[in-house]
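Here the structure is laid out as structure tokens; the discussion comes afterwards.
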Ligand code: C2O
Ligand code: CU
């Protein structure tokens, strides 16, 4: 565990100050700059960014991790966190922090009702904590910011997998270090299936592909520089800068993850062709939704089905990011249609029956601020302070407001990406308007743009214990835009009862 002295060290490394959000308010980069404290955790880029050459190499599908042993009800995995050299930009070697020497980490495939046990050994020289994002997991296995895996230690995480099929991910959550650890590579996909979902005629097997998208800055010497997202011109899919991917002329299920520590992405096909969203963070949507652009805030996921049969063999189509910076390029990934293949898959008109919207008895308000600091309700995360106390089974509505500071034009207003551990919530409305069908499913992360107010509803359960909620722009959470929630057992009569560790 982290003692006081270590905690101070972590704070000093992470930097106690707020950081620039990545979004600029109207007024643009030339407008009057705002004096913000320096960010000690992120170095100013010293060298030149490696030249962007789109489609220089093939995309890799992260390998699926094999269990080291299996019992009737559980699968045991072992992973080692270690420094590894990988080729992100073609021709350059980059040192990253990895799970199992993979960048991003290997994919864990789980099945509802079968427990997954992961023994994580930290062979890095920094603290880590492994969180299963979107997982319904007992507190002691949740990978909380203070439940650290110290260098040289091994920690066991047990995931019950009692929730519906969903594209989850595992990533670092060490207090104050999560932004840098994730930036340097500590993230991987965790794909949970269940009998209902695997019984649907959706594309499967080699036609079911995770796409972990994120930005980075690789310099000409191959160095990965942890810096402001404005200075990160590289866009990685499954660990390769702007790769190409060879596909068959048929339908694919693409599980799109935004694992960028601090960026939104808005994805569309360059030819404007539509695609179909079938799932969001927490599982299948009630019904498919047609889209021609998909925007994902940090940590959000969407599963889409794309039919490449609309292209002749030999043709290509580029997936581009309309939210690309001026310093980069819009291309993210090129699909090359190289062969035909049989396709019996289809998208059913009804995908899932969503649980009813929780009927709240408790209402809470949260204000996310960027100035003068990234905070929630004016407070910086303190692991020793309970911010919210609730009980198992309580349904709540949370009203979350991204505070817009009235300042002269040109100030930076950061969008936030709100995430709670333990539960999947429903997004009720944004600025009073009901959200569209793509946002109406089971969610664990929701974007909140400057000035916006979003209401979400959830039922706390089933595991009593300590959890956190926070902004998933990881530079913000690393600097304290996070709160602690204690979920007490349902029978608790004494509201002041403390949770043991
Ligand atoms: Cu994706 Cu608290 O994390
Ligand atoms: Cu934030």
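Taken across the stretch 221-228, residues that are more than 18 Å from the chain's Cα centre (by Cα), in a strand (DSSP E or B) and in the same structural domain as residue 300 (by TED's automatic domain parsing) do occur, with at least one present.
One residue is enough: does the stretch 205-216 have a residue meeting the conditions over 18 Å from the mean Cα position of the chain (by Cα), in a loop (DSSP other than H, G, I, E, B) and modelled with pLDDT of 95 or more? Checked against the condition, which is being over 18 Å from the mean Cα position of the chain (by Cα), in a loop (DSSP other than H, G, I, E, B) and modelled with pLDDT of 95 or more, the stretch 205-216 yields no hits at all. Just one of the listed residues (60, 97, 83, 109) is at pLDDT 95 or above and farther than 26 Å from residue 300 by Cβ, namely 83.
Within the stretch 460-478, can you find the residues that are more than 9 Å from ligand 2 (Cβ to nearest atom) and part of a loop (DSSP other than H, G, I, E, B)? Those that are more than 9 Å from ligand 2 (Cβ to nearest atom) and part of a loop (DSSP other than H, G, I, E, B): 460, 461, 462, 463, 464.
Taking first residues from the stretch 113-134 that are assigned by TED's automatic domain parsing to the domain that holds residue 424 and partners that are within 16 Å of ligand 1 (Cβ to nearest atom) and assigned to a loop (DSSP other than H, G, I, E, B), no Cβ contact under 6 Å between residues at least 6 apart in sequence or on separate chains turns up.
Listed here are the residues, each with its yes/no results for (1) within 16 Å of ligand 1 (Cβ to nearest atom); (2) assigned by TED's automatic domain parsing to the domain that holds residue 166; (3) surrounded by 23 or more Cβ atoms within 10 Å (Cβ to Cβ); (4) in contact (Cβ under 8 Å) with a residue 12 or more places away in the chain.
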residue	(1), (2), (3), (4)
423	yes, no, yes, yes
428	no, no, no, yes
434	no, no, no, no
441	no, no, yes, yes
449	no, no, no, yes
453	no, no, no, yes
463	yes, no, no, yes
477	yes, no, yes, yes
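In the stretch 175-213, of all residues being in contact with a helix residue (DSSP H, G or I) (Cβ under 8 Å, 6 or more places away or on another chain) and on the phi < 0 side of the Ramachandran plot, the one that is surrounded by the most Cβ atoms within 10 Å (Cβ to Cβ) corresponds to 183. Remark: pairs (first residue in the stretch 372-388, farther than 8 Å from residue 483 by Cα and assigned by TED's automatic domain parsing to the domain that holds residue 417; second residue away from ligand 1 (no atom under 16 Å from the Cβ) and in a loop (DSSP other than H, G, I, E, B); Cβ separation under 6 Å; 6+ apart in sequence or on different chains) = 373/18; 374/18. In the condition set (1) at pLDDT 95 or above; (2) within 16 Å of ligand 1 (Cβ to nearest atom); (3) closer than 20 Å to residue 260 by Cβ; (4) out of contact with any helix residue (DSSP H, G or I) (no Cβ under 6 Å at 6 or more places or on another chain), residue 470 is compliant with all but (4).
For the stretch 369-385, which positions are part of a strand (DSSP E or B) and under 19 Å from residue 175 (Cβ atoms)? Result: 375, 376, 379.
Here is a yes/no grid of residues against (1) within 16 Å of ligand 1 (Cβ to nearest atom); (2) touching a strand residue (DSSP E or B) at 6+ places or on another chain (Cβ under 8 Å); (3) modelled with pLDDT under 95; (4) within 30 Å of residue 196 (Cβ to Cβ):
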{"position": "349", "(1), (2), (3), (4)": "no, yes, no, yes"}
{"position": "352", "(1), (2), (3), (4)": "no, yes, no, yes"}
{"position": "358", "(1), (2), (3), (4)": "no, yes, no, yes"}
{"position": "363", "(1), (2), (3), (4)": "no, yes, no, no"}
{"position": "366", "(1), (2), (3), (4)": "yes, yes, no, no"}
{"position": "373", "(1), (2), (3), (4)": "no, no, yes, no"}
{"position": "386", "(1), (2), (3), (4)": "no, yes, no, no"}
{"position": "399", "(1), (2), (3), (4)": "no, yes, no, no"}
{"position": "408", "(1), (2), (3), (4)": "no, no, yes, no"}
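For the stretch 131-147, indicate whether the set of residues that are away from ligand 1 (no atom under 14 Å from the Cβ) and buried (at least 23 other Cβ atoms within 10 Å of the Cβ) is non-empty. No, the stretch 131-147 has no match at all.
Looking at the stretch 239-333, the strands (runs of 3 or more DSSP E) lying wholly inside it that each contain 3 or more residues that are surrounded by 18 or more Cβ atoms within 10 Å (Cβ to Cβ), at pLDDT 95 or above and touching a helix residue (DSSP H, G or I) at 6+ places or on another chain (Cβ under 8 Å) sit at 244-249, 251-258, 283-291. Looking only at the stretch 173-211, how many residues end up being in contact with a strand residue (DSSP E or B) (Cβ under 7 Å, 6 or more places away or on another chain) and within 13 Å of ligand 1 (Cβ to nearest atom)? Number satisfying all stated conditions: 10.
Within the stretch 380-405, if we keep just the residues that are under 14 Å from residue 468 (Cα atoms) and within 14 Å of ligand 2 (Cβ to nearest atom), the residue that is surrounded by the most Cβ atoms within 10 Å (Cβ to Cβ) turns out to be 381.
The values are calculated or read from the model by the stated rules, or taken from the named source; none is laboratory data. Everything numeric here is computed off the predicted structure, so don't read it as measured data. Note that each Cβ is placed from the backbone with ideal geometry, even for glycine, and that neighbours are counted across all protein chains shown.
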